[in-house]
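Here is the structure we will look at, set down as structure tokens.
The values are calculated or read from the model by the stated rules, or taken from the named source; none is laboratory data. Everything quoted here is computed from the prediction, not taken from an experiment. Positions of Cβ are backbone-derived with ideal geometry, glycine not excepted, and every protein chain shown enters the neighbour counts. For accessibility, only protein heavy atoms count, side chains too; no ligands or nucleic acids. Shrake-Rupley method; radii C 1.70, N 1.55, O 1.52, S 1.80 Å.
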Amino acid sequence: MEIDLLFKIAAIGILVAVLNQVLSRAGRDEQAMMTTLTGVVIVLMMVVKQISVLFDTVRTTFGL
């Protein structure tokens with residue numbers, strides 16, 4: 001696994017947490033929730049791509 005992926009996920013997490021706090025303090029709870037949800041979806045898409053690569057590697061390794 002690449003270390004860059006971990007840094008990207010951490011950066012997205014920090015950015016989403018800051019935006020969530022700012023929006024919550026401003027009284028925009030719905031937008032804060034949507035920001036959090038968007039961050040989770042982006043990270044899940046990144047992880048799913050890596051899982052796909054893992055399955056392809058396993059499939060190639062075992063000749064399936």
The distance between the Cα centres of region 41-60 and region 2-27, in whole Å, is 22 Å
So how exposed is Asp29, as accessible area in Å² (1.4 Å probe, rounded to 10)? 90 Å²
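Of the chymotrypsin sites (Phe, Trp or Tyr not before Pro) in the chain, which ones lie in a loop per DSSP and count no more than 12 other C-beta atoms within 10 Å?
Working: sites: Phe7, Phe55, Phe62; in loops: none.
Hits after loop and neighbour filter: nothing returned.
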Report the dimensions of the chain along its three principal axes from the alpha-carbon atoms, largest first, rounded to Å. 55, 21, 7
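Using only helices, what value at 222 nm comes out for the chain when you add -39,500 (n - 2.57) per DSSP H run of length 4 or more and divide by the total residues, to the nearest 500 deg cm²/dmol? Walk me through the numbers on the way to the answer.
On the way: 2 runs with 57 residues, N = 64.
Helix-only estimate at 222 nm: -32000 deg cm²/dmol.
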With axes computed from alpha carbons, what is the tilt in degrees of helix 29-62 against the longest principal axis of the chain, rounded to the nearest 10 within 0 to 90? 10 degrees
Using Cα atoms only, what is the angle between the long axis of helix 3-25 and the major principal axis of the chain, expressed in degrees (0 to 90) to the nearest 10? 20 degrees
Between Gly39, Gly27, Gly13, find the one with the highest GNM mean-square fluctuation for the chain; connect C-alpha pairs within less than 10 Å. Gly27
